[in-house]
Each structure stands twice: as structure tokens, then as C-alpha cells.
Amino acid sequence: MKEKRQQPAAAARTGSPGLANWSKRRLLWVGFAAVLVPLTALMLLQYRWLVDLQYNSALAQKAAMRGYADLVAEKVEYFFRKNAERALNVPSAVLEKDRQDQLSYLRQKKKDIEGARLLFLIRFQDERIEEVFYDPASKQEAEPVRVDLLYLKTLHKYGKTIDSELKVDDSDPDNAVIFKPITDECSRLLGVAGMLVDTDYLRSHHLPDVIRKTLPSMPRQEDLAVLVRDGEGNQVFAEGDLKTLELPDKACEVSRKLPFIFRTWQVCLSSGSSTPEQLARANFLFNMTLSGVLGILLAGGVLLTFRTAAREMKLSEMKNDFVSNVSHELRTPLASIRVFGEMLRLGKVREASKVREYGEYIEAEGRRLSQLINNILNFAKIESGQKVYEFESCDLEKVIEKVVSTFRVRLQHSGVEIDFSKPLGSLPPLNIDGQAVSQAISNLLDNAVKYSNGARRIEVALKRSQDEAVISVRDQGIGISREEQSKIFERFHRVSTGLVHDVKGSGLGLSIVQHIVRAHGGRVEVESEAGQGSTFFIILPLRPDAAKQTTRSGPEAMEGGPQAAGEGKTS
């Protein structure tokens, strides 16, 4: 009867295989649902989509046409605004020069201005004006052209202020002007720099280039016509289906006026009606798309199944490596303890200094065994969901000092120095499991020693950052590559290249560190570069309610990487 009563408890303690099988079944059901639910939903929605296809296609086409008209208008505006800014950026000092100097300035500074028929400078001086007109094409002075500046003359006469932004006057389409006031430090008008826009250049060069370069981005461009009309309704430029262009004005489905300059001009877009053959083709393509999506979902379900199997195989392999590494880790210190103990027992060492040295070796190897066994026992408790943390008020500084002191004794003959930097001010007592936090710090220090690659200095620091206590362990060892940094907190994972490959370990150290820190409501962060060492940070909240009292956590708490920067090595 006693044996029968104990069997359920034993099954509960070793229930991880059942948990694993349940997880596999759950993943299979998730994969099946991932295929079945979208497939059913898509089949139900397919009829509705087919009915609405023609209507939605028309809406989408019209939205695309509006976007295209806006794009053409924006490119025209950008072209003239950019060139005007370049051409009309004239210092006020230029107005003080004589005509020849002004022409020389325009000839040197304002050459190769596209879209400008003439450039001019006008200086207001009392009741008269001085003006210079320049032809960028011939690079010579040009005959004056009448420009309506009555408003600006009035501003100058009465000393009014004006901003120096670009302004336009396109009331005369043949002599559209972009000008920019030239002001003094008090924003009073001194003169004007302007350009007469080359309408022929816009009509024969810029508009055709803009439309022909952007038209291929439109869907069904072969059935699209683009028409530009001036303010009087005359055709300025046409591109696309000529039959559509022959339709009356009401066939212009989308229109957009040009901004900034030539504001009476209009960009019109029209498209022909879709034939039944085109609609049937669209329905066919739509159904093919649905079939493709369903195929992808089915393939995803199969891939999910294979991924689950591959993951289980990988985990099995990692556990085998874990057994091999732990066996080596146990065998090495036990052999050393046996040899030193045998020499002491046989009396082969009589000097007090040697006896003390051998005793220290035995103690150090014993501590190493204890740490390894503690890691394994803690991992087993975490895996079975039986890990319990007992929180109490502790002085974190004393906890760290005790761990550092223990490691200093262990490393006193290895030449490795451990420096501990205390915080500037005292920290309040923390509600923590002191033994668990000590183990986390010990695991980080053990990593730092293992992977120091000959470096003799390890730095431990404790400081306060707002409402958090930050423990850092910094080594000058081999660091870790970027490719491995996202995996190091996974259980059993060990870096497979460099010095790390030659150092034995269980692959549990950092996963246990992460579990302990998370149970305390904190997080682990790492900074590491290959060949430049690593710095591990344990960040614990100072709030007394951040950690859960008597916390139990299962194996899911050890999955995944760190919460912040998953970088570093594994022990």
C-alpha cells in the first residue's frame, strides 16, 4: 500500500514527459487550426469578395488615379519651387551694386536654371526703380518685360514689412512670374529678385518627362489617359489611350489643379470601361491568388510540424551534450580531490605550507562541485515547477561582498583579481532571496573566470539607478559574436566556436541567472563584443512589491533570451 500511495507523487514529480507530450499535441492542434480556420473563413468570404470585386476594383483604380494626379502636381511644384529658390536667393548687397556688377553676379551665380525664361533684379529707390533683366540661355542682358509690382511699390513707399518667401503671379499665363522680396534686417522691402517662367519648357519638356516616367507605376496603364489643360480649357499635353481622350469633358474621372504656379492648369485622368473579358480575367487571377494563399497556409502547417520535430531533436541532442559535459565537470574535480587526499593520507606531504596548499585545492574543487550540483538541482526544480524562492529583507552589498570574498579565496593562487566597487550611497534593504542572488552572481563570476582568456582582472560593481539596483560583472575575455548573442540564455546552449568550445560547462549557468533575476522582478542585460570582453548586468527593483513572495516557476520561465540585450557567454 505504501508503494501505491507514493506512485502518484512520483509521477507528479517526474511529469515533464507528459508535459512535453501535451506541448507537442498542442502544437499539432495549433498547426491544424492554423490551416483549417483560415481555409474555412476564406471559402466563406470568397463569394462576397467576388461580388464586390468590380466595385472595389473601380474604387481602388480611382484612388490610384487621385494619387497619381497628386504626384504629377507635386513634382511640378517641387521642380519650380526648387529652381526658384536657387535662382532667387540673392543677398541684399547685390542691389547696391551697379548694373554691370549685377549682370556679372547673375551670369556667374545663376547659370543653368531650368524652367526660367528670364531672371530679373529690381531695386526700389525713392519714387523710381532700377531693374535688370537677364537671359540665362544667351547669358546676356535682356529687354525689360512689364511686371506688375504696384503692390510691392506701395509697401516700399510706406516702409511696410514683408516676409521673404517665394510669391507667384500667374494672372498672365504667358508671363507667369515667381519672385522673392529682398529685405533688410527689419524686413523692410528693398527690392525683388524674380524669374519669368518658361511656359514652353513646362509644356514640351518637364510635363512629358514627369508623366512618362511615373505613368508605368499605375495599374492598368494601357487603359489610362492623362490630359493637361490650361486655364482656358486648351489641351497642353496628352498621354495614353487616345480614344479615351476623345471623350467629352465629363469623362475626366479625376482632376487636380497644379499648385504654386500655373494654378489654373488642370491634370485630368480618364480610363476606359472594363470589358467582360477583363473582369473574368480579374476573377481568375483573384481565385488563383486565393489558391496560392491556401497553399501557403497548408505548407506552413507542414513546416510547423517539421519545425516541432526538429526542435525536439535539437533539445534531445543538447541534453546529451549536457550529460557529457556534466560528467566531465564532475570527473575532473573529483579526480583532483582524490589525488590530493591520497597524498595527504599517505603522508607524502609533510610541510605545513604544502598541506595548507593541498587543503586549499581540495576546498576550491569542493566549492566548484557544490556550485555545479546546485545549478543542476536548481535546474531540475525549475523544470518540474518546484523551485521556491524565499524572500526576506537583505543587504545586497553584503551579499555581493560575501560572494566576491569566496571567489578571492578560490582564485588567490591563479593571479586573477576581483575588484568590487561599492555604491556612492547606501542602498535600502531589498526583499530578495539572498542565497539565490548569491548563486546568480557566482555563476556570472564563474563565467568571467572561465572565459577570461588570460586576463587577470574582473570588475564587480553595485550602483543605484533611479529605483533600481544594478549589479555589473565585467571581464576582459573573449566576448561573444553577434550571431550567438540571442541564444545564450537558452538552457543547454553553449557557444560552439573559439575558447568557449574548449571550456567545459553544463550550459545552465546563464539560464538559471535569468530565472532567478526574473523571479525577483528584475532583468538581465549584457554588453559584449567579440574579443573585447563582456559586461553582465543584474538589475533588481528597489520596490518591495516587485518580487513575488514564495515564487514557483516552471520550465517555461527559462525559455527564450533575456528581456533586454541577450548577449554574452554561457556557463
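Considering region 152-175 alone, what residues qualify as being open to solvent by 90 Å² or more (accessible area, probe 1.4 Å) and in a loop (DSSP other than H, G, I, E, B)?
Tyr158, Lys160, Glu165, Ser171
Which of the residues that make up region 60-76 are aliphatic (A, V, I, L, M) and either open to solvent by 50 Å² or more (accessible area, probe 1.4 Å) or closer than 19 Å to Asp209 by Cβ (or both)?
Passing the criteria: Ala60, Ala63, Ala69, Leu71, Val72, Ala73, Val76.
Which residues, taken from region 120-143, are in contact (Cβ under 8 Å) with a residue 24 or more places away in the chain, farther than 19 Å from Leu190 by Cβ and either in a strand (DSSP E or B) or over 54 Å from the mean Cα position of the chain (by Cα) (or both)?
Glu141, Ala142
Please name all residue pairs, on different chains or six or more residues apart, with Cβ atoms under 7 Å, provided the first residue is in region 513-532 and is in contact (Cβ under 8 Å) with a residue 24 or more places away in the chain and open to solvent by 40 Å² or more (accessible area, probe 1.4 Å) and the second residue is of a type in the set (Asp, Glu) and in a loop (DSSP other than H, G, I, E, B).
Here the result reads Glu527/Glu567, each pair linking region 513-532 to a residue that is of a type in the set (Asp, Glu) and in a loop (DSSP other than H, G, I, E, B).
Could you check, for region 303-322, whether at least one of its residues is under 30 Å from Val409 (Cβ atoms), at pLDDT below 75 and out of contact with any strand residue (DSSP E or B) (no Cβ under 6 Å at 6 or more places or on another chain)?
There is at least one residue in region 303-322 that is under 30 Å from Val409 (Cβ atoms), at pLDDT below 75 and out of contact with any strand residue (DSSP E or B) (no Cβ under 6 Å at 6 or more places or on another chain).
Inside region 95-118, can you point out the residues that are under 24 Å from Ile261 (Cβ atoms) and either crowded, with 21+ Cβ neighbours inside 10 Å or in contact (Cβ under 8 Å) with a residue 12 or more places away in the chain (or both)?
Leu106, Lys110, Lys111, Asp112, Ile113, Glu114, Gly115, Ala116, Arg117, Leu118
Which residue pairs have Cβ atoms under 6 Å apart, sit 6 or more places apart or on different chains, and have a first residue in region 145-166 that is within 14 Å of Gly191 (Cβ to Cβ) and touching a residue at least 24 places away in the same chain (Cβ under 8 Å) and a second that is of a type outside the set (Phe, Trp, Tyr) and part of a loop (DSSP other than H, G, I, E, B)?
Hits for this filter: Leu155/Ile162.
What is the number of the single condition among (1) open to solvent by 40 Å² or more (accessible area, probe 1.4 Å); (2) of a type outside the set (Ser, Thr, Tyr); (3) touching a helix residue (DSSP H, G or I) at 6+ places or on another chain (Cβ under 6 Å); (4) modelled with pLDDT under 75 that Leu377 does not meet?
(3)
Are any residues in region 119-151 among the hydroxyl-bearing types (Ser, Thr, Tyr) and either within 19 Å of Asp172 (Cα to Cα) or open to solvent by less than 30 Å² (accessible area, probe 1.4 Å) (or both), and if so, which ones?
Selection gives Tyr134, Tyr151.
I'm checking my understanding of the structure. Among residues of region 407-424 that are in contact with a strand residue (DSSP E or B) (Cβ under 7 Å, 6 or more places away or on another chain) and farther than 21 Å from Gly477 by Cα, which one is least open to solvent (accessible area, probe 1.4 Å)?
Pro423
Tell me which of these Ile178 doesn't satisfy, since it passes every other one: (1) more than 20 Å from Glu85 (Cβ to Cβ); (2) buried (at least 17 other Cβ atoms within 10 Å of the Cβ); (3) at pLDDT 85 or above.
Looking at each condition in turn, Ile178 falls short on (1).
Assuming Pro423 fulfils every condition listed in (1) touching a Lys or Arg at 6+ places or on another chain (Cβ under 9 Å); (2) assigned to a helix (DSSP H, G or I) apart from one, which condition is it?
Condition not satisfied by Pro423: (2).
Right, Leu499: crowded, with 20+ Cβ neighbours inside 10 Å, within 21 Å of Arg368 (Cβ to Cβ) and at pLDDT below 80 or not?
Answer is no for this residue.
What residue, of Asp446, Asp433, is modelled with pLDDT under 90 and in contact with a Phe, Trp or Tyr (Cβ under 7 Å, 6 or more places away or on another chain)?
Only one candidate passes the filter, namely Asp433.
Mind listing whichever residues of region 181-220 are surrounded by fewer than 16 Cβ atoms within 10 Å (Cβ to Cβ) and of a type in the set (S, T, N, Q)?
Answer for region 181-220, where residues must be surrounded by fewer than 16 Cβ atoms within 10 Å (Cβ to Cβ) and of a type in the set (S, T, N, Q): Ser187, Ser204, Thr214, Ser217.
Identify, please: which residue in region 432-464 is open to solvent by less than 50 Å² (accessible area, probe 1.4 Å) and among the polar types (S, T, N, Q) and is, among those, nearest to Lys398 (Cα to Cα)?
Of everything passing the filter in region 432-464, Ser438 is nearest to Lys398 (Cα to Cα).
Would you mind stating whether Val404 is open to solvent by less than 50 Å² (accessible area, probe 1.4 Å), modelled with pLDDT of 85 or more and over 30 Å from Gly359 (Cα atoms)?
no
Six or more apart or on different chains, Cβ atoms under 8 Å: show the pairs whose first residue is in region 442-466 and closer than 21 Å to Gln514 by Cα and whose second is in a strand (DSSP E or B) and acidic (Asp, Glu).
Going by the 8 Å Cβ cut-off, the qualifying pairs are Ile458/Glu417; Ile458/Asp419; Glu459/Asp419; Val460/Asp419.
Among (1) modelled with pLDDT of 65 or more; (2) open to solvent by less than 50 Å² (accessible area, probe 1.4 Å), which single condition is Pro91 missing?
It fails just one condition, (2).
The values are calculated or read from the model by the stated rules, or taken from the named source; none is laboratory data. Since the structure is predicted, the reported quantities are computational estimates derived from the model, not experimental observations. Note that each Cβ is placed from the backbone with ideal geometry, even for glycine, and that neighbours are counted across all protein chains shown. Side chains included, ligands, DNA and RNA excluded: accessible areas come from the protein's heavy atoms. Shrake-Rupley method; radii C 1.70, N 1.55, O 1.52, S 1.80 Å.
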